[in-house]
Amino acid sequence: MDWEFHDAVFIADSAPELPLEFMVNGAWSGHRRFAYDLVRFAKPRTIVELGTLYGTSFFSFCQAVKDGGLSTRCYAVDTWKGDLHTGAYGENIYLDVSVVTAREFPQIGTLIRGSFDQALDSFADGSIDLLHIDGYHTYEAVLHDFQTWYPKIAPNGIILFHDIVARLADFGVYKLWDALSVLPHMSFPHSSGLGVLFPKGVPESFLPVLQRKEELIQHYAARYML
């Protein structure tokens, strides 16, 4: 297995515009190192994230692209207005994420402000190598996001689902994940859970990774410090 565990340093943690506590101790923080290593290993051409907020996951992807000297383009899709689960938030969050993206990742990151459905036409079918779904978390909403964006996934592409173990209020990602996990996958139980799905085939380079996925899961869970 050629997977490498990098000792990543995330520039976003030093950005004065972003809340450090949210970046390092937020709901997604426990998956940053995996996300970074995943991008360095897979070298995707196009990464699309559905749901960004302060950019904890997005800037992890961008950092991997920058450090690896990759030609990957990273896109963050969000209204930056909030929803019933996150609550409403002000214009300052979008402006702050925009500033950090432009300053630290000008040739890598692009923000697309709008609904996930509105952004669909920005991407050709079969063009996305890595899709991260982290929007409104009801079962109906995440199912819709999966179904509408599925055609955009490239052969051997990867989909990440956050909150696969969260059972708060009307969260329903876990229900969809239970149905989809008959397909090749990895699942991390920490930091609200992260599902890694291969819905259109597994790249040859990932076959040994999946054979040793328990090793990866234990490694990243052990480094989860929340």
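The values are calculated or read from the model by the stated rules, or taken from the named source; none is laboratory data. Treat the numbers as computed from the prediction; the structure is a model and nothing was measured. We place every Cβ from the backbone using ideal geometry, glycine too, and count neighbours over all the protein chains shown. These area figures cover heavy atoms from the full protein model, side chains too; ligands, DNA and RNA do not enter into them. Shrake-Rupley method; radii C 1.70, N 1.55, O 1.52, S 1.80 Å.
How much of the DSSP beta bridge set in segment 147-226 is antiparallel, as a percent to the nearest 5?
Given both bridge residues lie in segment 147-226, the antiparallel proportion sits at roughly 90 percent.
Which far-off residues, 5 or more places away or on another chain, put their amide H under 5 Å from the one on Leu194, with H placed in the peptide plane?
Placed amide hydrogens put Ile164, Phe188 under 5 Å from Leu194.
Starting from the Cα of Ala169, move 7 Å in the Cα-to-Cβ direction to define the label point; list residues of segment 133-163 whose amide nitrogen is under 19 Å from there.
What the label zone holds, given the 19 Å backbone N cut-off, is 134-145, 162-163.
For the chain, what is the accessible area per residue in Å², given a 1.4 Å probe and the full set of protein chains? Let's see the in-between values first.
On the way: 9900 Å² over 226 residues.
Accessible area per residue, the chain: 44 Å².
State the Cα centre-to-centre distance between segment 137-199 and segment 1-40 in whole Å.
About 20 Å separates the Cα centre of segment 137-199 from the one of segment 1-40.
Would you mind checking which residues have amide H under 5 Å from Ile112's amide H? H placed 1.01 Å from N; only 5 or more apart, or other chain.
Amide H to amide H, under 5 Å and 5 or more residues apart or across chains, Ile112 pairs with Ala76, Val77, Asp78.
Along each of the three principal axes of the Cα atoms of the chain, give the extent in whole Å, ordering the values from largest to smallest.
Computed over the chain, the largest-to-smallest principal extents equal 44, 37, 37 Å.
Seen from all sides and averaged, what is the projected area of the convex hull of the Cα atoms in segment 1-106, in nm²?
Over all viewing directions, segment 1-106 projects a mean Cα-hull area of 6.8 nm².
GNM on the chain, C-alpha springs below 10 Å: top fluctuator among Glu204, Glu17, Glu49?
Glu204
Per residue of segment 54-63, in order, report the coupling 6.51 cos²θ - 1.76 cosθ + 1.60 (Karplus, θ = phi - 60°) as ³J(HN,Hα) in whole Hz, putting x for Gly and Pro.
Rounded to whole hertz, the list is 7, x, 3, 6, 4, 6, 5, 4, 4, 4.
Could you run the Karplus curve 6.51 cos²θ - 1.76 cosθ + 1.60 with θ = phi - 60° over segment 121-127 and give me ³J(HN,Hα) per residue in whole Hz, x for Gly and Pro?
With coefficients 6.51, -1.76 and 1.60, one gets 6, 7, 10, 6, 4, x, 9 Hz.
Obtain the nm distance between the two label points defined at Gln107 and Glu17 by a simple spin-label model: each point lies 7 Å from its Cα along the Cα-to-C-beta direction.
Between Gln107 and Glu17, the simple spin-label model gives 2.0 nm.
Given the Cα atoms of segment 78-185, and with Rh set as the inverse mean 1/r over their pairs in the Kirkwood sense, what is Rg to Rh to two decimals?
With Rg and the Kirkwood Rh in hand, the quotient comes to 0.98.
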